[in-house]
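The values are calculated or read from the model by the stated rules, or taken from the named source; none is laboratory data. Not measured: the values here are computed from a predicted model. Methodologically, a virtual Cβ is constructed for each residue, glycine included, from the backbone with ideal geometry; neighbour enumeration extends over all protein chains shown. To get the accessible areas, we keep the full protein, side chains included, count just its heavy atoms, and leave off ligands, DNA and RNA. Shrake-Rupley method; radii C 1.70, N 1.55, O 1.52, S 1.80 Å.
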Amino acid sequence: MTLSAHPESAVPPAVSAGLAAHPVAVDSSAAAGGRGVRMRNAIGKVFDPLAPLRPRHGQYSLVMWAAVSVGCALLLALGMGLGVRATAIVVSLIGLLLIPGWPVLLGLDNRRVTRIVMLLTLPCAVLAAYFGSIDTTMMVAAGAIIASFIGQMCRRDGRGKLIEHISAGAAGALFIVCASLWIHVARLGELTHQPGKVSLGANLPRTNDLLGVSSANAGIAVGWMIAVSIAVCAIIYCVDSPRTDLLAILNGAIVGGLSGLGLAEMPLGRHVGWLWAVGIASGIAVAVAYAVMRRALRNVSPPLPWIHGVTKAVSVHCAVGVVGWVLTWFVV
């Protein structure tokens, strides 16, 4: 078999005539395809900077991400102080910061499905927490896990590493649900004594004499104590040392206890009580969450690009939402 010296001569006459008759259509389709490829490449450069292709000038030290974590903790404390609506806005912002980098941080090959599942879970979880109850939030969590499984099963790329993708997508969705629990923390005290509202602690007394804090202000107290603990642990983890975990646990417990003592002296409570014990528990829980995230993501070493750093900075804020809800339930 011989090859022709002129490749165009191998094109059938009918096809050649069609191409000659519609040159504009061919050019426009090629241009549209080129624009699509360029757009996908641009999105990949923004959201998927994989090593070793990521540029050195786009990486930042641990101090930068500690500042981001402290800033988000301050926003969380501000939202808790302003009310349920402000807390919902802060939770939505933190969730949006978590979504783009979560599949990148976990090294997933197919990131689109995980991002879509998390992006759909965020408004559902926020609305369920804002307008519904804890039961509604649990329904959203169950639906998110199912959606993650279905989305990964419907992939058309061969479904490589299916177990890793399903578990990572479900974990990301559950992190979003845990973040929405901060809305329940903010509204738990408000619903406790409103007639016609069903909530945890609906039949409990107005003031917890043991802890020395009004149940209507329990969410604010717990939210502020955890926010302080997050800020302290974020600063401590600027030092990448084998003893950082122990140092964070000790300082988290001390700062949490002191913040509990300080909040009990404010109008949040009538007397000191045992609110300092709740502060110690919150500080230890936050430090353990930082240690777990550090161990789970130990393959991502600093300095980090922005997509990795932002996700690591806000992941603890989402995870400890369940801690805040449990401690608030205990207080009220």
query: Residue check: is V326 within 28 Å of L82 (Cβ to Cβ), in a helix (DSSP H, G or I), open to solvent by 50 Å² or more (accessible area, probe 1.4 Å) and modelled with pLDDT of 80 or more?
result: yes
- prompt: Is it true that I226 is at pLDDT 75 or above, open to solvent by less than 30 Å² (accessible area, probe 1.4 Å) and in a helix (DSSP H, G or I)?
  reply: yes
query: Which residues, counting only those in segment 129-141, are assigned to a helix (DSSP H, G or I) and over 15 Å from F175 (Cα atoms)?
result: Y130, F131, I134, D135, T136
- request: Would you confirm whether any residue within segment 173-192 is open to solvent by 10 Å² or more (accessible area, probe 1.4 Å), at pLDDT below 65 and at negative phi?
  value: yes
message: Return the pair list, or none, for Cβ contacts closer than 9 Å from residues in segment 70-98 that are open to solvent by less than 60 Å² (accessible area, probe 1.4 Å) to residues that are among the basic types (K, R), at least 6 apart or on different chains.
response: G79/R85; G83/R187; V84/R187; T87/R187
- request: Select from segment 113-152 the residues that are over 26 Å from L188 (Cα atoms) and not hydrophobic (A, V, I, L, M, F, W, C) and write down the one among them that is most open to solvent (accessible area, probe 1.4 Å).
  value: R115
field: Conditions (1) open to solvent by less than 60 Å² (accessible area, probe 1.4 Å); (2) modelled with pLDDT of 90 or more; number of the one not met by V255
entry: (2)
